[in-house]
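What follows is a set of notes on a single structure, which appears directly below.
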Amino acid sequence: FAYALEPYAAIADFRGDEVTVWSNGQHTYTTRRDVADLFGLPLSHVRVVTPFVGGGFGSKSYAKVEPLAAVCSWRVRRPVKVELTVEESVLTTRTLDARVWLRTGVDADGRLVARQARVLMNGGAFAQNGMLVSAKTATRLVGPFKWEAVDFRVRAAYTNTSPGSSYRGFGGAHATLPAEIQMDELAERLGLDPVEFRLRNIVDRGAVFYPNKRPLHADVKASLRMVADALDWTQKEPPGWGKGVALTVMDSGAVPVGRSEIRVHGDNSVTVLTGSAELGQGSRTVLTQIAAEEFGLTMDRVRISQSDSGVTPYARTTGADRTTIMEGTTILLACREAKEQLREMAAELLELPTGEIEIEKTGVRAAERSLTWGEIIGRYFQAPDMEVSGRGHIRPVGDWGLIPPSWENPLVGVRVGTDPETGDWWVGSFIDIADIGLAINPALADGMDTGSLMQSLGIALREQLVYEGQQLTNGSVLSYRVPEFGDLPDEIRTFVIENQDGMGPYGSKAHGDGSMSSVPAAISNALYSALGVRLRRAPFTPERVWRAMREAAAGGDSVASEPTGIPAWWTATDRP
């Protein structure tokens with residue numbers, strides 16, 4: 001469960017044949033489409049406004065309570081508010097859970113050959129976004145490795161449980177946990193160091209490792225060496241301590257479609273119009289920085305107007321780590337279009353060819369004469385309060401037609417301490433890589449990574465939804481436990497790699513999911529190093545660790561209690 005601080009809520013006001021919805025969802029424009037389709041209205045008659053959102057993490061993707069609020073308002077012809085409690089929100093959306101059967105082939109030299117997987121996902125009572133999560137899980141089973149052949153089949157099933165849908169990482173942890181545990185197992189059988197085994201098989205920078213996809217724009221091998229060095233990988237740990245690494249690659253960024261607008265005012269201030277929503281990820285700050293940088297302004301001279309379909313241009317979604325690289329690019333293009341207009345105006349004012357007008361940070365220059373942006377507008381229109389508008393858009397053609405727009409490579413190393421008597425454990429050190437092209441706002445980038453770590457610790461530590469039959473038993477703020485500050489590692493080190501080799505503004509790359517997908521697998525591998533038991537089912541609660549040690553001491557498999565066979569209903573030709 002994503003456990004955003006703000007539960008689902010919406011206000012709808014249906015007047016005549018038009019409706020306005022105030023939503024705390026992530027996707028302003030897809031919600032507009034859902035409401036329009038519900039009533040058979042043209043898009044121009046539906047306005048969706050998304051104010052500041054108190055967290056989403058994917059769980060507020062697509063419409064949740066907005067259609068219900070709209071129907072109620074249509075019925076009573078008055079504004080209606082629908083607000084869920086935290087307990088009701090738990091029953092509305094959760095991450096899908098999965099059972100993965102994985103088989104990996106390797107040759108005598110330690111080179112990966114083939115991987116085969118069958119994945120069964122619990123989609124819950126409604127499909128929501130479960131189909132896309134299933135597809136992404138299959139994609140992320142590839143990892144950043146060389147393969148001669150792969151065979152992945154993923155199924156999502158309807159069940160009488162809470163609906164499964166989007167969650168930060170989008171199938172990343174589902175794939176990385178079994179895949180990276182198995183990589184350690186293979187290394188052990190081959191007598192190889194786990195880091196060395198991975199280094200033999202990671203694809204090189206620039207390789208097209210996934211057919212018809214964008215080449216890998218990261219040096220994953222160098223990043224893995226960096227993490228290993230920071231962990232003192234070859235240094236032996238004292239009893240009860242262990243180290244582990246895990247990595248994957250993720251295709252980030254939703255469909256690259258969107259528009260933004262810029263208004264340059266006669267007083268040297270700027271308004272940015274963007275359809276992306278502010279969820280707490282800091283998009284308002286980063287998008288302001290881009291506009292301020294382009295016009296040579298301080299940030300207090302830039303105002304952002306966001307996520308109001310009646311005012312702001314179209315942005316397909318806010319999610320999949322797309323805002324900085326995609327909406328940021330549309331803003332960058334809009335700024336540059338506006339500056340070209342201002343350049344042409346300046347040429348007319350100065351009676352010079354446009355080619356002789358040089359664009360500078362805060363205006364234009366021609367020989368010894370210079371004009372600020374505001375001076376150009378005031379003199380050209382003879383109205384100091386006039387403005388100039390610029391527009392920018394992206395669409396899936398050219399560079400933006402090559403999917404994904406950005407690869408992310410969650411790569412982490414952990415050092416874990418344990419209490420063999422109780423099965424309790426804690427993370428002493430956490431090392432991760434943030435290969436983000438350029439950190440437009442370093443503090444926000446670092447905060448994004450730390451937040452990702454905190455959420456992924458929840459997957460490994462204790463977060464789980466417990467059912468008795470079809471009834472959820474722990475869907476409350478008291479019984480569903482998320483990580484606390486006391487659970488944070490003693491040491492957190494993030495290496496930020498800024499090669500300016502991304503598609504986004506100034507060479508930035510997608511950065512939002514962070515290390516989320518790889519942390520549980522790295523912790524499982526570290527627990528094996530410390531205790532000699534494999535934990536293949538998250539969360540790794542002290543009870544599960546203790547029981548695994550008991551089973552191992554009795555000569556059994558550490559996960560002997562878990563079913564391992566392929567389901568009988570899976571056809572023989574589908575079975576690994």
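The values are calculated or read from the model by the stated rules, or taken from the named source; none is laboratory data. Just so we're clear, the structure is a prediction, and the values are computed from it rather than from any experiment. In this analysis, Cβ positions are derived from the backbone assuming ideal geometry, glycine residues included, and neighbour counts consider all displayed protein chains. With ligands, DNA and RNA removed, areas are computed over all heavy atoms of the protein, side chains included. Shrake-Rupley method; radii C 1.70, N 1.55, O 1.52, S 1.80 Å.
If the chain between residue 199 and residue 126 were fully stretched, how many nm would it gain, using 0.36 nm times the residue separation less the Cα-Cα distance?
On the way: separation 73, 0.36 × 73 = 26.28 nm, distance 4.13 nm.
Full extension of this stretch gives 22.2 nm more.
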Could you rank the peptides 162-169, 414-421 by their average count of other C-beta atoms within 10 Å per residue, with the highest value first?
-> 162-169, 414-421
Any lysines with Cα under 30 Å of the residue 213 Cα? List them, leaving off those in the same chain fewer than 8 positions away.
-> 60, 136, 146, 221, 509
Whenever you get a sec, compute what percent of the accessible area on the stretch 460-540 sits on carbon and sulfur atoms (1.4 Å probe).
-> 45
Angle between the Cα long axis of helix 542-553 and the longest principal axis of the chain, 0 to 90 degrees, nearest 10?
-> 30
In straight Cα distance, which lysines are under 23 Å from residue 361, not counting same-chain residues fewer than 8 positions off?
-> 339
If the cut-off is 16 Å between C-alpha atoms, which lysines fall inside it for residue 64, apart from same-chain ones fewer than 8 positions away?
-> 81
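For the chain, what does the convex hull of the Cα positions come to per residue, in cubic angstrom?
On the way: hull volume 102.6 nm³, N = 576.
In the chain, the Cα hull volume divided by residue count equals 178 Å³.
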Sequence of 78, 33 when ordered by accessible area, the most exposed leading, probe 1.4 angstrom | 78, 33
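Across all directions of projection, what mean area in square nanometres is found for the Cα convex hull of the stretch 75-149? The partial results should precede the final answer.
Working: hull surface 33.3 nm².
So the Cα hull casts an average projection of 8.3 nm².
Within 12 Å, Cβ to Cβ, of residue 194, how many net charges do the neighbouring residues add up to if Lys/Arg are +1 and Asp/Glu are -1?
Working: positive: 189, 198, 200, 243; negative: 180, 184, 185, 188, 193, 196.
Counting the neighbours of residue 194, the net charge comes to -2.
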Inter-site label distance for residue 393 and residue 108 at 7 Å from Cα along Cβ, in nm | 6.1
Under 5 Å from the placed amide H of residue 276, counting only residues 5+ away or on other chains, we find 307
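Quick check for you: with a 1.4 Å probe and neighbouring chains kept, what is the accessible area per residue of the stretch 325-418, in Å²?
Working: 4360 Å² over 94 residues.
Per residue, the stretch 325-418 has an accessible area of 46 Å².
Over the stretch 327-484, calculate the relative contact order: mean separation of alpha carbon pairs under 8 Å at least 6 apart, over the residue count, as a percent.
15
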Where does each of 242-251, 96-105 land if you order them by average Cβ count within 10 Å, highest first?
-> 242-251, 96-105
In the full protein assembly as shown, how much of residue 227 is accessible to a 1.4 Å probe, in Å² to the nearest 10?
-> 0
Measure nothing fancy, just the Cα-based angle from helix 66-76's long axis to the longest principal axis of the chain, in degrees from 0 to 90, nearest 10.
-> 60
Going residue by residue through the stretch 526-535, the Karplus relation 6.51 cos²θ - 1.76 cosθ + 1.60 with θ = phi - 60° gives ³J(HN,Hα) values, rounded to whole Hz and with x marking Gly or Pro, of 5, 5, 5, 4, 7, 10, x, 10, 8, 10
Check: C-alpha center the stretch 103-127 vs C-alpha center the stretch 181-227, spacing in Å is 16
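Using only the Cα atoms of the stretch 298-453, what semi-axes does the equivalent ellipsoid have when each is the square root of 5 times a gyration tensor eigenvalue? Give whole Å, largest first. Numbers along the way, then the final one.
Numbers: eigenvalues 439, 63, 50 Å².
Semi-axes, largest first: 47, 18, 16 Å.
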Please calculate how many Å² of accessible area the stretch 255-306 carries per residue, with a 1.4 Å probe and no DNA, RNA or ligand atoms counted.
-> 33
Accessible area of the stretch 1-85 belonging to carbon and sulfur atoms, whole % at 1.4 Å probe | 58
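Would you mind getting the Kirkwood hydrodynamic radius of the stretch 115-159 from its Cα pairs, rounded to one decimal in Å? Show your work: numbers first, answer last.
On the way: mean 1/r = 0.0886 Å⁻¹.
Result for the stretch 115-159, one decimal place: 11.3 Å.
Suppose only helical runs count, i.e. DSSP H with n ≥ 4. What mean residue ellipticity at 222 nm does that imply for the chain under -39500 (n - 2.57) per run, divided by all residues and rounded to the nearest 500 deg cm²/dmol? Please report the intermediate quantities before stating the final value.
Details: 13 runs with 167 residues, N = 576.
Here the helix-only value at 222 nm equals -9000 deg cm²/dmol.
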Could you state the angle between the C-alpha long axis of helix 220-230 and the longest principal axis of the C-alpha atoms of the chain, as a value from 0 to 90 degrees rounded to the nearest 10?
-> 70
Can you give me the Cα centroid spacing of the stretch 12-81 and the stretch 378-395 in angstrom?
-> 32
How large is log10 I(q)/I(0) at q = 0.18 Å⁻¹ when the Debye formula is applied to the Cα atoms of the stretch 33-101, each weighted equally and without solvent?
-> -0.86
Judged on accessible area alone, 1.4 Å probe, highest first, 524, 370 line up as 370, 524
Using θ = phi - 60° and the Karplus form 6.51 cos²θ - 1.76 cosθ + 1.60, what ³J(HN,Hα) does each residue of the stretch 141-154 get, whole Hz, x for Gly and Pro?
-> 6, 5, x, x, 10, 8, 10, 7, 7, 9, 9, 10, 9, 10
FRET E, pair residue 359, residue 285, Förster distance 25 Å, beta-carbon r, rounded to 0.05 = 0.50
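Which FRET efficiency, nearest 0.05, do residue 135 and residue 234 yield, Cβ-Cβ r, R0 56 Å? Can you show the working numbers first?
Numbers: r = 39 Å, r/R0 = 0.70.
Efficiency for this residue pair is about 0.90.
If each residue of separation counts as 0.36 nm, what is the full-extension length gain between residue 351 and residue 490 once their alpha-carbon separation is subtracted?
On the way: separation 139, 0.36 × 139 = 50.04 nm, distance 6.50 nm.
In short, 43.5 nm is gained.
Provide the per residue accessible area, probe 1.4 Å, for the stretch 457-526, rounded to a whole number of square angstrom. Don't jump to the answer; show the numbers that get you there.
Details: 3050 Å² over 70 residues.
That works out to 44 Å² per residue.
Within the chain, what percent of beta bridges assigned by DSSP are antiparallel, to the nearest 5?
Details: 62 of 90 bridges.
Around 70 percent of the beta bridges assigned by DSSP in the chain are antiparallel ones.
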What residues have an amide H closer than 5 Å to that of residue 474, excluding those fewer than 5 places away on the same chain, when H is modeled at 1.01 Å from N in the peptide plane?
-> 466
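When Lys and Arg each count +1 and Asp and Glu each count -1, what net charge do the other residues less than 14 Å away from residue 415, Cβ to Cβ, add up to? Spell out each step's value before the answer.
Working: positive: 236, 243, 493; negative: 229, 232, 237, 432, 490, 491.
In short, -3.
Using a 1.4 Å probe and counting only protein heavy atoms, arrange 335, 72 so the residue with the most accessible area comes first.
72, 335
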The extension gain from residue 88 to residue 208, computed as 0.36 nm times the residue separation minus the Cα-Cα distance, is 38.8 nm
